[in-house]
Every structure is written in structure tokens, then in C-alpha cells.
Amino acid sequence: MDPSDGHDPSNETDYPTEQTPFLRKGPHPPPKPPFTPKPTSQQLWPTLLTVASLALLFNMGMHISAAPSLAILQGIICRNYYEKGVTDGLGPGGLGGSGGGGGGGGLSFEDDRCKIGPVQSEVAEVSAWKDVFEILPAVALAIPWGVLTDRIGRKKVLLLALFGLLLNEAWARLVYRFSDIFPVRAVWFGGLFQAIGAGSTSFASIAYVLVADVCPAEKRSTAFGYLLASTIISRLIFVPVGGYLISIDVWLAMWIGYLVEVLGFVVAAVFVKETLPVAAASDPSSPSQSEPLTGADNTDSSTTDSTKKPQTVKEHVEHYLEKAKEAGTWMLQNPKIVLLLICFWLYMMGEQAEMLLMIQYASKRLGWSFGKASLLPSLGALTNLLTLIILLPFLSVLLSPSSPYFPSLPSLRMSEPRKDTLLAQVFATFLTLGCFLIAVPIPHFSFLASGEVLYSAGAAFVCTYGAASVGRPVAAGLFGAGLRLGEGDKNGDGMAWMGLPFAVSGLMFGVIVGVVGFGGFGREVVRETMVGEEEGLGVDGEGEEGVRERYRD
């Protein structure tokens, strides 16, 4: 661009942003932002369909493998446990019985002798720490990979992330298949592969970015809803499918799940289109379509240095650390934000008593096979889906100020802050009651099913991702502690205490209900303009105007 036209592409503060002062310095009028073509439906729907299909395929593969991988892990740990003490005819490399991967005819994958406390405790521990070691590399490297996503393109980083996920899944199958060679805890090292492309973290974020790049702002919530629905539908259908395949051949389920994930990678490689602007992808040093242009009247070197866009990974990390420091200072000045963060932390801690642990818990408490126990997460997914598409929208409309329902009950008409607060309390109460019902030490399906329905309805209101690296091993530790506490009861099977992780989760959700209810949330902020010496406003009481904020319930 010709410098004589008053624009300097090295400065990005020239067209109006939320930090631009109302009164500009210099004679030049503010230039218009660069033209960016508006996304069209011709771009949106092919991209949305491709990304939703990709998410469905990868979730399908993982959900098909969920119950079978738990069954194989239990079988390996059970075999090792009895080989240490009692020789029970178990051959190396696999278990006998249905779906066994090797010789020996002593124990099947779901032998009742594998339901004892020490075996179940170790299964929960190995599974939980496997999840942790898969999350940590992805979270730790999310920022640098995110920077590369904006520089080299979405698709390249997406393919790297999916490749890392495939290597991680392949490693788990290798360890399980050759368990006579690898110790079972070697499965934890598979998480290192998720450092490639930041694994599941990049996969989830790039999926939404790909859609956001081509989706008009007013349609994004609907488009994102389709992506979320693909995940829920996968869990609804394919967790029990994987459970059923255990009865045929447990390794058949594992390989079908993996091949579906490989198919997802092929779909990404062939059909996903790059959505990063071509100029930004081909020349990272040049301003992209999303970068503003600036005027020559803002050429002060200090301003340019302080506002220039970070270029290197180091500069991006330093930039994010500085922003995090500023955010931390701001949060300390706003205690309600700290309370909300505590709520999210407690939610994620409590939420980890789910899916695989639920399958293991139901199998132990009710004496079910893993295939039958996998129906519970499917029931939860159905409840989650119905809550999102029916219950939550209905309650939101019912409590809104312009609701057409029950005009004779004005108490149902609420401001947006009050409505959101009430809904948060209601759904957190669902979470609390659901966990306590699951934890009830009565081996009856109705308690587990009712608890799963309430829990899943409550979980539909809260979508967050964090603290999982702490929550999963804590839940597993509580499960093992419950089994150990129950070893002294008359049955010796830990029935009275094995619901401990769900009970603790219920307490955490109960704390959330209290914090939201008594933390002063949901009150409207009313701004009042005050003139003169009222409330000590103004300089020397000369009629200066001031603004006072107060809360209104």
C-alpha cells in the first residue's frame, strides 16, 4: 500500500475498536476497516456438514471403544492380580473366554472374580490417570499450536492433532494386546502423542473455528449447536453399540472403533477446506483480512511498539501471560468472579464421576456386564439432548419478561440476570440430586437410572472444559477408597461405600447451589446520575455530575 494515502499497515489501532478514543488526534478521519467478504450459505453448509461428520466419526470411534477398552483393562489387571497370588490357568497375552485375546481358559473378561475391590480400584486408577496424561500435553501446548493455527492454517494443525489422537489410540491397543510384554501402566505414555497438534484440545477448538470462519455471527449459536448435537448423538447410539460388541468379540469392537477414527482422519484430509484467509496463510508477515489498517497520524514509536501484533511464539506466550496477569488482578477486584470460577472448578471435579466410572460402577453394583452397563451413559445422553432442545429453551422462554405463558403469574417474569441465576440453581440442584441417587447403596436399577437422568439434565446447562486433570484421579481415588472402606462389611464387597465419588460430587454441586443462591448473583445493576454535592460527588461541589451504581433484585 502507498504510504502517501495515510495508512501504515504496521499499526493496528487506526480503525475503531473498543479501546479507540472518541476524539481522535490529527486531521485525518478514521479510515474504514478493510473489506472482508460476508460468509455465505454456500460456504457455511458444506463446512458445517464436513466438520459435524468429522466430529461424529471421531466421537463414534471413541464411544464404540469405551466399554470394550474398560473390559480389556479389567481383564488384564484381574489376570495380573491372580497370577501374583493364585495360579488360575491364565495364559500370557490375553484372557480366556469370550473375546479373549490369547490363550488360557481360566477367566473371561467379565468373570465375577474380577469384581473384587483391589481389581476394581486399580482399574479406576489406571483409567483415570490415562485420561490425565492425555489431557496435560494437549492443554500445555494449546497456546503455541493455536498460534500456528493462525499462521500456517487451520487444516494443517487439525490434521496433526488428529494424527496425534490416532497414535495415542494405537498405543493403547498395542499395550493391551501385548500385555505380557508391556506393563499395563505403559498405556499412560500414550498421552505424549497428544503433544502433536495438541490432540483433543486442538481438535475441539479448531472444529468450532472452522465453522466460525465461514458462519455469520447471527447463525453461529445454531451452527455450534449442531456440532454439540453430533457429540451427544454419538454417545447416545455408539456407547451401547460398543457394549454389545463385547459379547461378540471385545477386540472386534476395539478395531472397529479405531477404523472409524481412521475414516475420520481421511474425511478431514480430503474434504475439510482451509478457512484461514489466503493472504494470512501464505504470508504471515503481511496483514491479513482480519487485521485492521492504520493511519499515519499514529506513528508514535511508543504507541506502535505497545500495540503491535505478536509475531513469534515467544511473543505470543509473553502476550498471553501479561493478559493473564491483568485478568488475575481484575478478578481479585471482583470477588463474584472468583466465586463463579470456584463453581466451575467444583463442577468439573464433580463431573468426572461419569461415563467410564459409571459403567464400572454399575457393573460392580448391579452385577451387570459392561455391555449392559453401557446403556446408562446412553440414557444420560438422551436426557442431555432432550434437555438442550426442549426443556432448557422452554424454561428460558417461560421465565423471560415477554413470555406468552401463564400471564396470570407475573412472578414468573424475570430479568435476564435473575432468570439465568434461577436456571443455574435449578440445574445444579438436578446435578446434586442425581449424584446422591446414584450413590444410594441399594443395588437397584431404578436408583441408578433416575440419578443418571437428573445428572444429565443438570449437566446440559453447564458446558466447560478444565480442571479435568484433577477431577478424574480424585474420582478414581474416591472409588477405590469406597471399595476399601467396604471390605469390612458383612458382604465384603464394598457395596455401602462404593458410591463415595458420586456422594462427594453431590456435595460439590450442593456447594454450587449455595454459592449461586447466596452469592448475590442475579441482581441488576442500576446506574443513577447524580448532580452537585449529593453523595459527595463533584469537585468542590460545583454541580459536577457523577454516576452511582446500586443493585436491584
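Rule-based calculations on the coordinates, nothing more; no lab input. Just so you know, these numbers come straight off a predicted model, no measurement behind them. Please note: Cβ atoms are built from the backbone with ideal geometry, for glycine as well, and neighbour counts cover all protein chains shown.
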Mind giving me the FRET efficiency for ILE390 and GLU274? R0 is 51 Å, r the Cβ-Cβ distance, nearest 0.05 is fine.
-> 0.85
Separation between the ASP249 and GLU318 pseudo-spin-labels, each 7 Å from Cα along Cα→Cβ, expressed in nm?
-> 5.8 nm
Karplus-derived HN-Hα couplings along region 134-145 (A = 6.51, B = -1.76, C = 1.60, θ = phi - 60°), whole Hz, x at Gly and Pro = 7, 7, 4, x, 5, 5, 5, 9, 5, 5, x, 5
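Among 362-375, 181-194, 215-228, how do they line up from the highest to the lowest mean number of other beta-carbon atoms within 10 Å? Show your work: numbers first, answer last.
On the way: 362-375: 21.9, 181-194: 18.0, 215-228: 14.1.
Output ranking for 362-375, 181-194, 215-228: 362-375, 181-194, 215-228.
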Across LYS84/LYS130; LYS130/LYS156; LYS156/LYS273, pairs whose alpha-carbon gap is larger than 21 Å | LYS84/LYS130; LYS130/LYS156
3J(HN,Hα) from dihedral phi, region 69-81, Karplus parametrisation 6.51/-1.76/1.60, rounded to Hz, x for glycine, proline | 5, 5, 5, 5, 4, 4, x, 5, 5, 5, 4, 5, 5
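I need the peptides 434-441, 415-422 ranked by packing, meaning the mean over residues of other C-beta atoms within 10 angstrom, with the highest value on top.
434-441, 415-422
How would you order 269-276, 135-142, 58-65 from highest to lowest mean count of nearby Cβ atoms within 10 Å?
58-65, 135-142, 269-276
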Potential lengthening between GLU218 and PHE189 on full extension [0.36 nm per residue; Cα-Cα distance subtracted] | 6.2 nm
Give, in nm to one decimal, the length gained when the segment between TRP45 and GLU416 is fully stretched (0.36 nm per residue of separation minus the Cα-Cα distance).
-> 130.4 nm
Arrange GLU315, GLU322 by Cβ neighbour counts within 10 Å, fewest through most, would you?
-> GLU322, GLU315
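How long is the gain from HIS444 to LEU136 if the chain were fully straight, where each residue apart is worth 0.36 nm and the alpha carbon distance is subtracted? Mind showing how you got there, number by number?
Details: separation 308, 0.36 × 308 = 110.88 nm, distance 3.72 nm.
Extra length from HIS444 to LEU136 when fully extended: 107.2 nm.
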Whole-Hz Karplus couplings 3J(HN,Hα) for region 382-388, θ = phi - 60° and coefficients 6.51, -1.76, 1.60, Gly and Pro as x, run 4, 4, 4, 5, 5, 5, 5
Cβ under 13 Å from LEU321's Cβ, LEU321 left aside: what net charge do those residues give with Lys, Arg +1 and Asp, Glu -1?
-> -1
